[in-house]
1. Output the qualifying pairs, or none if there are none: Cβ atoms under 8 angstrom, residues six or more apart or on different chains, first residue in the stretch 267-292 and assigned to a loop (DSSP other than H, G, I, E, B), second residue among the aromatic types (F, W, Y) and within 14 Å of the ligand (Cβ to nearest atom).
2. Quick one: in the stretch 303-318, of everything that is within 11 Å of the ligand (Cβ to nearest atom) and of a type outside the set (A, V, I, L, M, F, W, C), which residue is nearest to M281 (Cα to Cα)?
3. Quick one: is F295 among the aromatic types (F, W, Y) and either free of Cβ contacts under 8 Å to residues at least 60 places away in the same chain or within 30 Å of Q193 (Cα to Cα) (or both)?
4. Is there any pair linking a residue in the stretch 220-247 that is modelled with pLDDT of 90 or more and among the polar types (S, T, N, Q) to one that is within 16 Å of the ligand (Cβ to nearest atom) and not in a helix (DSSP H, G or I), with Cβ under 8 Å and at least six apart or on different chains, and which?
5. Given the structure, is V91 of a type in the set (A, V, I, L, M), on the phi < 0 side of the Ramachandran plot and more than 21 Å from the chain's Cα centre (by Cα)?
6. Given the criteria among the basic types (K, R), surrounded by fewer than 20 Cβ atoms within 10 Å (Cβ to Cβ), away from the ligand (no atom under 16 Å from the Cβ) and not in a loop (DSSP other than H, G, I, E, B), does R243 qualify?
Amino acid sequence: MSPLRLFRRGNDSDAEQPGDGDFEASTGRALERTRSSWFGRVAGLLSGGDITEQLWESLEEVLIGADTGVTTTMEVLERVRAADPKRAEDVRALLRAELIALLRAPDLDSGRASAGRLWGAPDAEPVRPPEVVLVVGVNGSGKTTAIARLAYAYQQQGQRVICAAGDTFRAAAIEQLQQWGERIGFDVIAHRQGADPAAVAFDAVQAATARGYDVVFIDTAGRLQNKQHLMDELAKIRRVIERHVDRGPDEVLLVLDATTGQNGLSQASAFTESVDVTAVMLTKLDGTAKGGIVFAIASEFGLPVRFVGTGGGEADLAPFDPERFVDALLGEPAPAEA
Ligand code: GDP
């Protein structure tokens with residue numbers, strides 16, 4: 001039997017979810033700041049009946065202020081306007097639909113060069129284990145914590161997880177992953193500081209194949225000083241994976257810190273230019289008042305957000321669902337006037 005497929009997303013919002021958490025509630029809690037400071041204002045703006053030029057300007061201001069990005073905001077509002085809404089509540093419904101469509105677009109883009117094999121379309125062929133996930137992102141983005149959370153979620157589903165401590169540049173990164181491994185109970189392959197990351201990946205994938213692990217997570221260094229170096233390193237790790245499992249990584253997960261806003265997006269481009277990123281985990285959503293960055297990632301990078309980090313613990317992870325996310329942001333529609 002093929003291994004349990006975790007985190008299947010796509011259009012099937014009822015797909016089986018990992019762990020026993022209430023993801024809707026935790027996403028809602030993580031979005032509280034964003035909602036109270038930015039998107040809550042959208043609800044306020046749209047609670048009046050009439051549509052004025054001032055309304056469009058205020059919507060623009062709110063969306064840009066929430067890190068949605070200027071281009072994305074303009075495009076979304078233009079499409080809403082083009083639908084010729086007559087009342088503010090129509091604007092709300094159109095805006096909701098546009099934002100959901102924006103977040104779904106990366107999955108519907110069949111021409112996307114790099115679609116992941118694990119968390120994408122529900123009808124994707126199961127892969128032969130071990131599933132291999134390469135994890136990239138700048139230092140401090142929450143990469144190690146992200147790996148620990150995913151490992152925890154997979155283990156909750158009875159899968160055996162092994163991780164490669166591939167950020168060999170920092171001794172602390174190796175130790176941190178080992179500590180998470182001890183705490184949660186997943187195995188970690190680590191070499192000494194300064195070792196070749198591809199050699200660590202090699203050992204981890206080899207161990208996974210030989211000893212029947214279900215999933216391998218490969219941590220990588222998050223230095224951006226030298227993009228050529230980053231590209232070479234990631235290409236070498238990819239070749240190591242290909243040698244063992246006859247294919248590249250099944251997912252390349254980019255971990256992004258939601259609190260870094262537009263600055264985080266420019267860091268992201270360094271990674272998307274170096275490796276075929278297939279999925280995004282947005283961490284620290286609980287720590288920002290500007291969750292609009294989710295929309296910028298989808299529209300500017302064409303990348304699907306698959307997970308959000310909702311706190312610092314191992315269980316603070318929620319699969320990302322466009323519809324639920326937008327509903328949590330916009331809140332309930334205003335009650336119809338009597
Ligand atoms: P790395 O350098 O990219 O591996 O980052 P770490 O995994 O060490 O995380 C950096 C810090 O961010 C740690 O203190 C984490 O506890 C914290 N962190 C990571 N993800 C989240 C999140 O989703 N929410 C919050 N509040 N803190 C997070």
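1. These pairs meet every condition: V277/F271.
2. Ranking the qualifying residues of the stretch 303-318, first place goes to G309.
3. It is false that F295 is among the aromatic types (F, W, Y) and either free of Cβ contacts under 8 Å to residues at least 60 places away in the same chain or within 30 Å of Q193 (Cα to Cα) (or both).
4. These pairs meet every condition: T220/L134; T220/V135; T220/V136; T220/G166; T220/D167.
5. The answer is yes for V91.
6. Yes.
Table: residues versus (1) within 13 Å of the ligand (Cβ to nearest atom); (2) aliphatic (A, V, I, L, M); (3) modelled with pLDDT under 95.
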{"residue": "V80", "(1), (2), (3)": "no, yes, no"}
{"residue": "K86", "(1), (2), (3)": "no, no, yes"}
{"residue": "R92", "(1), (2), (3)": "no, no, yes"}
{"residue": "R112", "(1), (2), (3)": "no, no, yes"}
{"residue": "D123", "(1), (2), (3)": "no, no, yes"}
{"residue": "P126", "(1), (2), (3)": "no, no, yes"}
{"residue": "G158", "(1), (2), (3)": "no, no, yes"}
{"residue": "F169", "(1), (2), (3)": "yes, no, yes"}
{"residue": "W180", "(1), (2), (3)": "yes, no, no"}
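The values are calculated or read from the model by the stated rules, or taken from the named source; none is laboratory data. Quick caveat: nothing in here was measured; it's all calculated off a predicted structure. For neighbour counting, all protein chains shown are included, and Cβ atoms are generated from backbone atoms with ideal geometry for every residue, glycine included.
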